Amino acid sequence: MQLKRARIAVTLFASASLALSGVPATAFADDPADLQSKVNDAYSTLMTYSNELEAANNELYQLQSDLESVQAEIQQTEADIEEKQQELEQGQAELSQRLAETYKQNSSNSTLSVVLGASDFEELLSRVYYANSMANRDAELIDQVKQTQQELEQKKSDLATQEQEQQQLVSDQQQKTEDIQSKVSEQQSYYNSLDSELQTALAEEAARAAAEQAAAEEAANNNQGGGSDNGNSNNDNGGSDDNGGSNDNGGGSNNGGSNNNGGSNNNGGSSNNGGSSGGGGSNNNTDSGNAPSSVVDIALAQVGKPYVFGTEGPNTFDCSGLVQYSYKQVGISLPHSSQAQCNLVKNKGHLVTNTSYLSPGDLVFWGYGGSSSSIYHVGIYIGGGRYVHASSPGVGVIRSSLSSNSRNFVGGGSPV
């Protein structure tokens, strides 16, 4: 990782400088140290923008889902209107046919047929009442269908207005997301430029230190004909190999270097060093569900691949994209949104805030202030207090450790 390389190079340079006779250890360290500070600041800003981008994308996903719901309701309303229109036409046709038959019957038997055909006065009243009742009932049914149709037409009009408003919200959020994406891209370029400048400066200083050290050794050999200093310098060089210990970060998220790179790397897409049971409060839940543990191996197989916002594999991922991809390989469909994924876990009743109740395959979440309604990062728990996640631009898919002190940790659990 870039910050890790920078720390190793700084240590190598410092070791080489200390070996020089009469040359202060800080003689060449000021500029690289200043650059290192700028690199750390640039990375911290990049992480902030990346988290903002994930949150904006979650909001966009929700708005798009709401728009799809409105459009589906419009389609259903249109189908209902069509159904009522058919009922209206059928009722009108039946009424027209009945009136036509009555007219024909009256024409053939005279207009007094209803009256003259009655055997007595009571039958006459019954016939007139029946005829009127049928006509009134037909009229009522047709009126009801017409009223329902009008109500559906009004509903359709209201939904069309709602659809326009929702489309505007989606458009505004898309613009907001694109603006943040531009900020992330610009910051990524700035960070890469600073990191490249730092590597160049460190290489130049290390080369100069090595050249002066060689000159000093040659001068000492000429003056003393000695070899003991070579042995000492060899010991110094051997000492610089201790930097190999800094590789014990298990994925880059827990570096401990004096340049605080470890702190910035801990952000790794989650900004606040992961999290644990203390982060999101306690909901007293101990059942994280039954997540498929097989997703762990799938996710771990992606370690080392780049982070690219909005992607879901197989070559690049963002945080929720890695989760979606891993679960998809075992036949489970999840949305491409860390907020929506967290909502699934909550709705299943599987969200636990104490990491001791997590199982391999569970999802783990971070949200601003530890809120489950403001999720900005997600990973997959792999057991042993560690998780795998698509961390951030420039870092990619890595393993990280859950910290025990993060106010932004929300909790975790199974989405199925």
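The values are calculated or read from the model by the stated rules, or taken from the named source; none is laboratory data. Fair warning: this is a prediction, and the values are worked out from it, not measured in the lab. Every residue, glycine as well, gets a Cβ built from its backbone with ideal geometry; the counts of neighbours run over all protein chains shown. Note: areas computed on protein heavy atoms with side chains; ligands, DNA, RNA excluded. Shrake-Rupley method; radii C 1.70, N 1.55, O 1.52, S 1.80 Å.
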Scan the range 368-387 residue by residue and report those that are buried (at least 21 other Cβ atoms within 10 Å of the Cβ) and either of a type in the set (Phe, Trp, Tyr) or over 13 Å from LEU358 (Cβ atoms) (or both). GLY370, ILE375, TYR376, HIS377, VAL378, TYR381, TYR387
Among the residues that make up the range 8-27, is at least one of them in contact with a Leu (Cβ under 8 Å, 6 or more places away or on another chain), open to solvent by 20 Å² or more (accessible area, probe 1.4 Å), in a helix (DSSP H, G or I) and modelled with pLDDT of 85 or more? no
Select, from TYR61, TYR43, the only residue that is at pLDDT 85 or above, assigned to a helix (DSSP H, G or I) and within 30 Å of GLY321 (Cα to Cα). TYR61
Among the residues of the range 288-301, write down those that are open to solvent by 20 Å² or more (accessible area, probe 1.4 Å) and in contact with a strand residue (DSSP E or B) (Cβ under 7 Å, 6 or more places away or on another chain). LEU300
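So that you can scan it fast, the table gives a plain yes or no per residue for (1) crowded, with 18+ Cβ neighbours inside 10 Å; (2) over 27 Å from GLN188 (Cα atoms); (3) out of contact with any helix residue (DSSP H, G or I) (no Cβ under 6 Å at 6 or more places or on another chain):
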residue	(1), (2), (3)
VAL303	no, no, yes
GLY321	yes, no, yes
LYS328	no, yes, yes
SER337	yes, no, no
ASN347	no, yes, yes
TYR357	no, yes, yes
VAL364	yes, no, yes
